[in-house]
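This report concerns only the one structure given below.
The values are calculated or read from the model by the stated rules, or taken from the named source; none is laboratory data. Every value quoted in this text rests on a predicted model; they were computed, and no experiment measured them. Backbone-built Cβ (ideal geometry, glycine too); neighbour counts: all protein chains shown. For accessibility, only protein heavy atoms count, side chains too; no ligands or nucleic acids. Shrake-Rupley method; radii C 1.70, N 1.55, O 1.52, S 1.80 Å.
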Amino acid sequence: MNDLSVDIGYRSINHVDEQLCGDHVDVVEQGPNSRVVVLADGLGSGVKASILSTLTSKIISTMMAEGLSLEECVRTIIATLPVNKDHGVAYSTFTIIHIIENETAEVIQFENPQVIMIRDNKVFEYETIETVIDGNKVLRSVIALEEGDIFVAMSDGCPHANAERTYNMNWKVSDIADFMATISHVGYTAKTLAAILIEECNKLYDGKPLDDATACIVRVIKRQQVNLLFGPPADPDDCDRMMTLFFSKKGKKIICGGTTAKIAADYLGKPITYTTKIVSRDVPPTSEIEGVDLVTEGIVTMDKVLKYAKEYLDRDEGYMQWGFQHDAAAEISRILFEEATDINFMVGKAINPAHRGSSNSISFNVKVNLIGELTKCLESMGKNVKVSLF
């Protein structure tokens, strides 16, 4: 296995006065290192377009993830969503980016704007082969991946974005490609890149989009492992074993919980430096131990991280908090959501003596349930997560 992974993010804006978006993106895992990304654009806007695009993306992503051929997928879609008789166009167009073993991208395009590829911070021209399936022209490309590659898929609400009811001939796919290439070197996450593009389109629409617009970014990155230690082990005799395993792992190291931090400091023979600066009223401050990237309080901080994770997967309304603030929960969120590809949770089963018998007793079950929910959220973001209990 190579050391590459992919970061996937997408954003949409709805047609003005519509509650639902007529575009839909689905990401389906096909094993730990392969994924199927589908962006579908339903004809028109509103409820009907939303249903059409959702149905299209679900069918394609599920069929491809199960290993069915492109021809079978397209034929199924054509049979399910026939051509509109009035306009002579497909009820839903689509773009597929099939990541295979984090080594190859198979790009399949059916009547959506051409996928932009950026390599070495420049627009990269890749080869496309035209295939005709039941009379429908489909473009297909197979590309060997390199670190730093960026793929930009979009619905047709992105090109020609304009506040007037006419096409903006100065905002073509090639112009979008140049725009994205200029910011590719900064290191923005896929989700941030998608948000930047959609915000630019929204500005051109003067805040009143005349079409649904969606951008989906696939960014090729190096694998980044993060290790998070949360709570002491149930058996005090396991402390050294737990710490030895934790500190032997590669990647960033985060320790959550005061007792856990003290055990780690004793193991390393290093002092804990406590900070008195209050960054947030509802998140306890961080501490410092030489050899550890981040030391935080336990349950309160991690509960906030879980809240941010749920928001991230929804409308990401908490981005202004976790994306820019410097409290412990925000720092953990940035590391887990934006940097990590592989995450090791090491969770101790001990009950904190300071809470035993109190009305706010923090049981092992609370920690396990919290980590369980957070694991599901992180896996939905495409992270590889492993949980070990002590």
Report yes if some residue within the stretch 95-108 is hydroxyl-bearing (Ser, Thr, Tyr), at pLDDT 90 or above and over 28 Å from Thr54 (Cβ atoms); otherwise report no.
no
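Can we say Ala161 is over 19 Å from Ile176 (Cα atoms) and of a type in the set (Gly, Ala, Ser)?
Spelling it out, it is not the case that Ala161 is over 19 Å from Ile176 (Cα atoms) and of a type in the set (Gly, Ala, Ser).
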State all residues of the stretch 343-354 that are more than 16 Å from Thr296 (Cβ to Cβ), surrounded by 14 or more Cβ atoms within 10 Å (Cβ to Cβ) and modelled with pLDDT under 95; if no residue qualifies, say none.
Lys349, Ala350, Ile351
Evaluate the following for Ala340: is it closer than 24 Å to Val6 by Cα, in the same structural domain as Val385 (by the TED database) and more than 12 Å from the chain's Cα centre (by Cα)?
no
Residue among Ala163, Ala177, Ala194, Ala215 that is small (Gly, Ala, Ser), assigned by the TED database to the domain that holds Val37 and assigned to a strand (DSSP E or B)
Ala215
Any chance Glu311 is in contact with a Gly (Cβ under 9 Å, 6 or more places away or on another chain) and in contact (Cβ under 8 Å) with a residue 60 or more places away in the chain
no
Condition first: out of contact with any Phe, Trp or Tyr (no Cβ under 6 Å at 6 or more places or on another chain), among the hydrophobic types (A, V, I, L, M, F, W, C), assigned to a loop (DSSP other than H, G, I, E, B) and assigned by the TED database to the domain that holds Val186. Can you find one or more residues in the stretch 127-144 that meet it?
no
Could you tell me which residue of the stretch 303-321 is most open to solvent (accessible area, probe 1.4 Å), considering only residues that are in contact with an Asp or Glu (Cβ under 9 Å, 6 or more places away or on another chain) and part of a loop (DSSP other than H, G, I, E, B)?
Glu317
Within the stretch 251-278, count every residue that is open to solvent by 30 Å² or more (accessible area, probe 1.4 Å) and either part of a helix (DSSP H, G or I) or without any contact (Cβ under 8 Å) to a residue 40 or more places away in the chain (or both).
17
Output the residues belonging to the stretch 193-219 that are among the aliphatic types (A, V, I, L, M) and buried (at least 20 other Cβ atoms within 10 Å of the Cβ).
Leu193, Ala194, Leu197, Ile198, Ala213, Ala215, Ile217, Val218
Mind telling me which of the residues Met117, Met169 ends up being under 23 Å from the mean Cα position of the chain (by Cα) and either in the same structural domain as Val38 (by the TED database) or closer than 30 Å to Tyr312 by Cα (or both)?
Met117
Verdict on Glu71 being acidic (Asp, Glu), touching a Lys or Arg at 6+ places or on another chain (Cβ under 7 Å), at pLDDT below 90 and open to solvent by 30 Å² or more (accessible area, probe 1.4 Å):
no
Got a sec? Which of Val300, Val226 is on the phi < 0 side of the Ramachandran plot, at pLDDT 95 or above and either open to solvent by less than 40 Å² (accessible area, probe 1.4 Å) or part of a helix (DSSP H, G or I) (or both)?
Val226
Report, by residue number, each residue of the stretch 229-247 that is modelled with pLDDT of 95 or more and open to solvent by less than 10 Å² (accessible area, probe 1.4 Å).
Leu229, Phe230, Met242, Met243, Phe246
So, first residue free of Cβ contacts under 8 Å to residues at least 24 places away in the same chain in the stretch 318-335, second residue hydroxyl-bearing (Ser, Thr, Tyr) and outside any loop (DSSP other than H, G, I, E, B), Cβ within less than 6 Å, six or more apart or across chains; the pairs are Gly318/Tyr308; Trp322/Tyr308; Trp322/Ser333
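Thr104 - would you say it is open to solvent by 20 Å² or more (accessible area, probe 1.4 Å) and farther than 25 Å from Ile150 by Cβ? If you could, list the steps in order and put the result at the bottom.
Working: open to solvent by 20 Å² or more (accessible area, probe 1.4 Å): yes; farther than 25 Å from Ile150 by Cβ: no.
Against the criterion (open to solvent by 20 Å² or more (accessible area, probe 1.4 Å) and farther than 25 Å from Ile150 by Cβ), Thr104 does not qualify.
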Return the residues of the stretch 17-38 that are over 15 Å from the mean Cα position of the chain (by Cα), open to solvent by less than 40 Å² (accessible area, probe 1.4 Å) and within 19 Å of Ala213 (Cβ to Cβ); say none if nothing qualifies.
Cys21, Gly22, Asp23
